[in-house]
Amino acid sequence: MAEEYPHYIEFRHVYKTFDKPVLVDSNFYVDPGKTVAIIGRSGVGKSVSLGHIMGFLKPDQGRVIVAHEDITDLSEAEMNRVRRKVTMVFQSGALFDSLTVAENILFSLELREDFDEKNKEDIVAGLLQMVGIPDSADAYPADLPTGFRRAVAIARALAAEPQCILYDEPTTMVDPIMSDHLTELMLRLKKEMNLTSVVVTHDLDLLHRVADSVVFLSKGKIAFFGPPGDLYKSNDPDVQDFLELDKVIRGTGMAENDPFRKGLGGVASEG
């Protein structure tokens, strides 16, 4: 269906209301092999957008295209087919605490049709090597730092051999070294595996390093959609306020996990 739907992901006039409008006439797209970052303050619909892409949420109006297919009216069973192509790395990691790192990865691996019992240990070892934590196979998620858990979640996502990964605040609440490691990993996956990706983030450094395009959400609407460099040229007052606030925070040297800093981009569960 690539001819009919050339963009890998596309929102066409998407509306979603809960207690108040969260998405209002939302239009953006992600081309194959490209990365789009979704930014904005808390509660503007960032995570709601990811929920629509995964099919966890349905729009009140509009169409959602994923993997070159209109998924708006697909059943849950049909969405499972789409989710073999598109996977999500949750901010929490969403790992099974009762399973080791290796067992968490195997859980995803066994969903593959070409799963081979004989080489499963080699595949797990290769995935952990790829994400930069080769010695963590026997550890339990609760015993790992936040950044390591995110890396495990990425490894588990990669085990399913997806075409697209959605990242929900991948560098939130991790130290600068691990943040840099995760950013480099995302860049490498994009380059070496040609993965399409959507990144919800408040980290403007991450945005500038990985994103081909930026979606800025404000008051339920898309205030900006375009290349990262053009974001600073936007005349939208909400965009400028956001960027100015980020400058203030950087200038005062506030930590990334400071509540004020988090309020800038929003905790993912609120987005």
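Every number in this text was worked out from the coordinates using simple rules, so none of it is lab data. Quick caveat, the model's predicted, so the values are computed rather than measured. Every residue, glycine among them, receives a Cβ derived from its backbone with ideal geometry; neighbour counts consider all protein chains shown.
Given Cβ point charges of +1 (Lys, Arg) and -1 (Asp, Glu) and nothing else, what value in debye, to the nearest 20, does the dipole of the range 3-106 about its Cα centre take?
Result for the range 3-106 is approximately 300 debye, rounded to the nearest 20.
Under 5 Å between amide H atoms, partner at least 5 residues away or on a different chain: which partners does K34 have, H built in plane at 1.01 Å?
S197
Take the Cα radius of gyration of the range 150-193 and divide it by 2.2 N^0.38 Å, with N its residue count; two decimals is plenty.
1.12
Among G220, P59, F90, whose Cα projects farthest towards the positive end of the dipole of the chain, with charges put on the beta-carbon of Lys, Arg (+1) and Asp, Glu (-1)?
The residue sitting most towards the positive pole is G220.
Between Rg and the Kirkwood Rh of the range 86-161, both from Cα atoms, what is the Rg to Rh ratio?
On the way: Rg = 11.2 Å, Rh = 12.1 Å.
That ratio equals 0.92.
Residue-wise, which Karplus ³J(HN,Hα) couplings in Hz belong to the range 64-76, taking 6.51 cos²θ - 1.76 cosθ + 1.60, θ = phi - 60°, and x for glycine or proline?
Each residue of the range 64-76 in turn: 10, 9, 9, 6, 6, 9, 6, 9, 3, 10, 6, 6, 4 Hz.
With springs only between Cα atoms under 10 Å apart, run a GNM on the chain and tell me which of K20, K221, K247 wobbles the most.
Of K20, K221, K247, the most mobile in the Gaussian network model is K20.
How big is D, in µm² s⁻¹, for the range 149-247 by Stokes-Einstein at 10 °C and 1.306 mPa s if Rh is the Kirkwood radius over C-alpha pairs?
In µm²/s, the coefficient rounds to 109.
Between D70 and K247, what is 0.36 nm times their sequence separation minus the Cα-Cα distance? Round to one decimal in nm.
59.8 nm
Quick one: in the range 1-135, what % of C-alpha pairs are over 24 Å apart?
The answer is 43 percent, as a whole percent.
I need two numbers for the chain: Rg to one decimal and Dmax as a whole number, Cα atoms only, in Å.
Answer for the chain, Rg first and Dmax second: 18.3, 58 Å.
Given H placed on each backbone N at 1.01 Å, which residues far from G226 in sequence or on other chains put an amide H within less than 5 Å of it?
Hits under the 5 Å cutoff: V214.
For the chain, set up a GNM with springs between Cα atoms under 10 Å and report which of N104, N119, N80 has the largest fluctuation.
Taking springs between Cα atoms under 10 Å, the residue moving most is N119.
Under a 10 Å cutoff between Cα atoms, tell me which one of E69, E78, E161 has the largest fluctuation in the Gaussian network model of the chain.
Maximum among the listed residues: E78.
How high is the relative contact order of the range 86-161? Use alpha-carbon pairs under 8 Å, at least six apart in sequence, and give a whole percent.
Taking the mean separation of contacting Cα pairs over the length of the range 86-161, I get 51 percent.
Distance check, please: which entries in K46/K191; K16/K191; K85/K191; K85/K219; K20/K85; K85/K120 exceed 27 angstrom between their Cα atoms?
Numbers: K46/K191 25 Å; K16/K191 34 Å; K85/K191 18 Å; K85/K219 31 Å; K20/K85 32 Å; K85/K120 21 Å.
In this structure, K16/K191; K85/K219; K20/K85 exceed 27 Å between Cα atoms.
Non-local amide H neighbours of F96 (under 5 Å, H modeled in plane, Pro and chain starts lacking H): which ones?
none
Through the Karplus equation 6.51 cos²θ - 1.76 cosθ + 1.60, θ set to phi - 60°, convert the phi angles of the range 135-145 into ³J(HN,Hα) values in whole Hz; use x for Gly and Pro.
Per residue, the Karplus-derived 3J(HN,Hα) values read 9, 9, 4, 8, 6, 9, x, 5, 8, 9, x Hz.
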